[in-house]
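J.: Following this message is one structure expressed as structure tokens.
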Amino acid sequence: MASLEQVRAWIDRLEAVYTENKEYLTELDSAIGDADHGINMARGFIAAKQALAENPPADIGALLKSVSMTLIKTVGGASGPLYGTFFLKAAMTCTGQTELDAEGIEKLFEDGINGVKQRGKAVVGDKTMIDAWEPALTAIKDTRQNGASIAEILDAAVAAAEQGRDSTVPLVARKGRASYLGERSKDHQDPGATSTVLMLTAARETLA
Amino acid sequence: MKKLINQADNVVVDALKGMEAAHPDLLKVSYDPKYIVRADAPVKDKVAVVSGGGSGHEPLHGGFVGRGMLDAACPGEVFTSPTPDQMEAATKAVSGGKGVLHIVKNYTGDVLNFETAADLCQAEGIDVEAVVVDDDVAVKDSLYTAGRRGVGTTVLMEKIVGAAAERGKSLKEVADIARKVNAQGRSMGMALTSCTVPSAGKPTFELGADEMEVGIGIHGEPGRERMKVKTAREIVEMMSDAVISDLPYKSGDELIVMVNGMGGTPLIELYILYNEFAQVAKAKGLKISRKLVGNYITSLEMQGFSLTLLKADADMVKLWDDPVLTPGLRWGV
């Protein structure tokens with residue numbers, strides 16, 4: 001079971017992770033984007049953590065909703081609405097709940113990831129965060145069906161997302177600002193897929 | 001970097017304060033979240049028209065708030081999309097009960113933020129439709145990219161659609177007119193110099209003293225080609241060819257034409273460019289019904305210009321001629 005405190009720890013962990021990786025993500029983004037992804041993610045999760053500290057939510061749905069609204073307001077660019085939508089859809093499936101079992105964790109990520117897919121309309125191979133989210137979702141569903149624990153499910157999700165992230169390196173971007181570079185977007189790792197892996201890794205460290 | 005600013009971080013807020021101080025008769029400004037609404041908002045039983053985008057393109061969008069054009073504009077940081085909370089608050093502030101149209105320029109950040117805002121508004125029972133402008137012919141492989149960028153046609157759309165809303169048309173009718181304007185409008189830009197985003201402090205790109213970038217975006221995005229500077233006539237002929245052949249515009253078509261400065265080009269040069277375009281249009285049998293020559297959708301202090309053509313039927317020209325009263329455009333009042 002993942003408790004309300006654990007979900008809160010996930011968000012707190014993300015604040016630390018994105019702050020530590022601020023320059024790394026920004027460097028990836030400066031190669032094929034507009035050089036602000038790390039700065040934006042760090043700013044967003046610093047604000048999200050602060051909002052939770054000021055107004056501690058009573059259930060997981062309310063917590064994820066607070067994170068969503070803060071990210072939407074503070075991250076900006078394309079990743080603000082994308083990650084904001086992830087947490088908004090995840091919040092809706094967790095409304096009123098104070099703990100999540102393996103099925104609840106599956107639903108959180110399934111609804112959240114489907115929200116991102118709907119919002120961004122990207123598919124695997126476009127060189128976006130979907131290259132990490134989509135294989136992670138498949139891994140979560142496959143392992144959950146076989147009765148796996150939360151730890152096993154998230155282990156599988158992280159491994160699949162890492163593979164997806166690495167697969168973005170040789171791709172030509174077809175969505176987002178990087179797509180205007182055409183062939184010049186090759187040989188660069190996608191910053192969005194990279195920040196997605198960090199999000200899942202932090203989930204593995206805190207929710208299981 | 002030399003700029004007439006106080007602090008790089010406060011550029012947008014300081015400029016909003018200036019707009020509020022200069023035009024209290026036309027508009028009102030909210031600072032948290034940031035948006036501009038027309039002074040008499042919300043207007044009952046009228047479709048409200050809302051737009052927004054990164055700052056640095058003035059007078060777009062805030063300078064087009066007022067009677068006969070936009071009900072609200074949401075300014076982001078310089079060249080950065082505004083966020084859904086701004087758009088949601090602006091939409092609520094101007095909603096007059098007949099629905100709200102969002103005019104969105106096609107940039108991934110703008111589109112995603114406006115879509116998220118539309119979801120939030122619809123969840124609260126406000127009828128929102130969005131029309132995306134994607135008129136920049138410089139982007140060739142639009143199937144394999146995020147698509148064509150939204151540029152000059154946005155200005156013409158905001159004027160025409162604002163007039164349609166003022167006449168009391170329904171949300172569906174207003175949105176249909178907006179889509180028609182987008183379908184019939186095409187633009188392309190060029191630059192002689194880069195521009196400097198205040199928070200970045202250095203030019204967005206480097207261009208040699210004798211070079212120009214043809215097909216530039218309004219944020220300094222790379223264009224089709226970098227080449228040696230040519231005469232105004234040669235440049236207009238080259239850009240006209242690209243724009244005219246794209247729709248294509250044909251002999252006998254009536255046009256609304258905009259020769260737009262990027263922020264750092266003097267009017268004397270824009271008139272030279274307009275004259276060259278008028279010659280091209282004459283030779284090709286294109287009729288110029290209406291025109292704008294000046295700075296309407298800029299890129300900070302960039303030197304350069306863009307050419308926008310809109311194939312306009314009689315109804316569109318009527319809407320164009322309707323009264324408009326905004327800081328950036330005013331006639332007929």
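The values are calculated or read from the model by the stated rules, or taken from the named source; none is laboratory data. This structure is a prediction, so every number in the text was calculated from the model and none was measured. When we count neighbours, we look across all protein chains shown, and the Cβ atoms used for this are built from the backbone with ideal geometry, even at glycine.
J.: Taking segment A:114-158 as the search range and keeping residues that are closer than 17 Å to A:M199 by Cβ and either touching a strand residue (DSSP E or B) at 6+ places or on another chain (Cβ under 9 Å) or not in a helix (DSSP H, G or I) (or both), which one is farthest from the other protein chains (Cβ to nearest Cβ)?
T.: Across segment A:114-158, the extreme among qualifying residues is A:I150.
J.: If only one of B:K92, B:K105, B:K98 is within 14 Å of chain A (Cβ to nearest Cβ) and under 22 Å from B:E173 (Cα atoms), which one is it?
T.: None of the others qualify; the one that does is B:K105.
J.: If only one of B:L16, B:L4 is out of contact with any Asp or Glu (no Cβ under 7 Å at 6 or more places or on another chain) and loosely packed, with under 14 Cβ neighbours inside 10 Å, which one is it?
T.: Unique residue meeting the criteria: B:L4.
J.: Filter segment B:19-39 down to residues that are farther than 22 Å from B:A89 by Cβ and surrounded by 19 or more Cβ atoms within 10 Å (Cβ to Cβ), then give me how many there are.
T.: Within segment B:19-39, residues that are farther than 22 Å from B:A89 by Cβ and surrounded by 19 or more Cβ atoms within 10 Å (Cβ to Cβ) number 0.
J.: Pick from B:I272, B:I268: which is farther than 14 Å from B:G189 by Cα, in a helix (DSSP H, G or I) and free of Cβ contacts under 8 Å to residues at least 12 places away in the same chain?
T.: Only one candidate qualifies: B:I268.
J.: Take B:K311 and tell me if it is surrounded by fewer than 18 Cβ atoms within 10 Å (Cβ to Cβ), of a type in the set (K, R) and modelled with pLDDT of 95 or more. Give the steps one after another, and end with the answer.
T.: Numbers: surrounded by fewer than 18 Cβ atoms within 10 Å (Cβ to Cβ): no; of a type in the set (K, R): yes; modelled with pLDDT of 95 or more: yes.
For B:K311, the condition - surrounded by fewer than 18 Cβ atoms within 10 Å (Cβ to Cβ), of a type in the set (K, R) and modelled with pLDDT of 95 or more - is not met.
J.: Of the residues A:A42, A:A58, only one is away from every other protein chain (no Cβ under 14 Å), among the aliphatic types (A, V, I, L, M) and over 17 Å from the mean Cα position of the chain (by Cα); which?
T.: A:A58
J.: I'd like the full set of residues that are under 15 Å from B:S51 (Cβ atoms), surrounded by fewer than 24 Cβ atoms within 10 Å (Cβ to Cβ) and touching a residue at least 40 places away in the same chain (Cβ under 8 Å), limited to segment B:106-128.
T.: Once the filter is applied, which keeps residues that are under 15 Å from B:S51 (Cβ atoms), surrounded by fewer than 24 Cβ atoms within 10 Å (Cβ to Cβ) and touching a residue at least 40 places away in the same chain (Cβ under 8 Å), segment B:106-128 yields only B:N106.
J.: Now, a different point. From the list B:T80, B:T91, exactly one residue is in contact with a Cys (Cβ under 7 Å, 6 or more places away or on another chain), of a type in the set (V, I, T) and either in the same structural domain as B:V133 (by TED's automatic domain parsing) or in a strand (DSSP E or B) (or both). Which is it?
T.: Working: B:T80 fails: in contact with a Cys (Cβ under 7 Å, 6 or more places away or on another chain).
Only one candidate qualifies: B:T91.
J.: Starting from residues that are more than 22 Å from B:P248 (Cα to Cα) and in contact with a Phe, Trp or Tyr (Cβ under 8 Å, 6 or more places away or on another chain), keep the ones in segment B:146-161 and report whichever is farthest from the other protein chains (Cβ to nearest Cβ).
T.: Per the criteria, the residue is B:K159.
J.: Could you list all residues from segment A:70-109 that are among the aliphatic types (A, V, I, L, M), within 12 Å of chain B (Cβ to nearest Cβ) and surrounded by 24 or more Cβ atoms within 10 Å (Cβ to Cβ)?
T.: Of everything in segment A:70-109, those that are among the aliphatic types (A, V, I, L, M), within 12 Å of chain B (Cβ to nearest Cβ) and surrounded by 24 or more Cβ atoms within 10 Å (Cβ to Cβ) turn out to be A:L71, A:I72, A:V75, A:A78, A:L82, A:L88.
J.: Moving to a separate point now. Under 9 Å between Cβ atoms, which residue pairs at least 6 apart in sequence (or on different chains) link something in segment B:62-89 that is within 14 Å of chain A (Cβ to nearest Cβ) with a partner that is of a type in the set (K, R) and in a helix (DSSP H, G or I)?
T.: Sorted first by the residue in segment B:62-89, then by its partner, the pairs are B:T83/A:K73; B:P84/A:K73; B:D85/A:K73; B:Q86/A:K73.
J.: If A:E183 satisfies all but one of (1) within 14 Å of another protein chain (Cβ to nearest Cβ); (2) more than 29 Å from B:N106 (Cα to Cα), what's the number of the condition it fails?
T.: All conditions pass for A:E183, except number (2).
J.: For A:A2, state whether it is hydrophobic (A, V, I, L, M, F, W, C), within 14 Å of chain B (Cβ to nearest Cβ) and in contact (Cβ under 8 Å) with a residue 40 or more places away in the chain. Break it down stepwise before answering.
T.: On the way: hydrophobic (A, V, I, L, M, F, W, C): yes; within 14 Å of chain B (Cβ to nearest Cβ): no; in contact (Cβ under 8 Å) with a residue 40 or more places away in the chain: yes.
The answer is no for A:A2.
J.: Going by what's in this entry, would A:Q163 be described as among the polar types (S, T, N, Q), surrounded by fewer than 17 Cβ atoms within 10 Å (Cβ to Cβ) and more than 14 Å from every other protein chain (Cβ to nearest Cβ)?
T.: yes
J.: If you take the residues of segment B:129-143 that are buried (at least 17 other Cβ atoms within 10 Å of the Cβ) and of a type in the set (G, A, S), which of them is farthest from the other protein chains (Cβ to nearest Cβ)?
T.: Filtering first and then ranking leaves B:A130.
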